[in-house]
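Scroll down for the structure; my scribbles are underneath it.
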Amino acid sequence: MKNYVVINEQHQLMDSQIALLNEVYGENSWERWNVPATGLTALEMEEAVNGFIFEGVYPVFASPIPLMIALMCGGHFALLHNDKREKKELPNGKVIMTVAQTGWELKTF
């Protein structure tokens, strides 16, 4: 079984997180699965999940939100989702992508 750490490509894992992953899964038995800074569409996410299932991937999400979702899976829940991203230029000239104010969808499960 493959172990992928699903993480925004702009984020870094802390040394303590890497040590924990190596302790639990073993060194060189996991790899990063980078989410583009521009985000993923709902279709791209669905395709990724289907690929994970087909390949026998065990994803580890480097975010607090999936834990909350997993805890809710025993009951009814909904997710706010937005495929749209907007470019913003910071005062230092760096360009970042942020979630758009429009384009939100409410998906119920």
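Taken together, the values in this text are just the output of simple stated rules run on the coordinates, not laboratory data. Remember, predicted model here, so these are calculated numbers, not experimental data.
Which aspartates and glutamates have a Cα lying under 20 Å from the Cα of LYS88, excluding residues fewer than 8 positions away in the same chain?
Answer for LYS88, where 20 Å is the Cα cut-off: GLU9, listed by chain and number.
Taking LYS94 as the anchor, which lysines have their alpha carbon closer than 29 Å to its alpha carbon, excluding any fewer than eight residues away along the same chain?
LYS84
Need the C-alpha centroid separation for region 41-61 versus region 83-107, integer Å.
If you average the Cα positions of each part, the centres end up 24 Å apart.
Bin by bin, in steps of 5 Å, what percent of the Cα pairs in the chain do you find, going until the bin that has the longest distance?
For the chain, the pair-distance distribution reads 2, 9, 15, 21, 21, 15, 11, 5, 1, 0.
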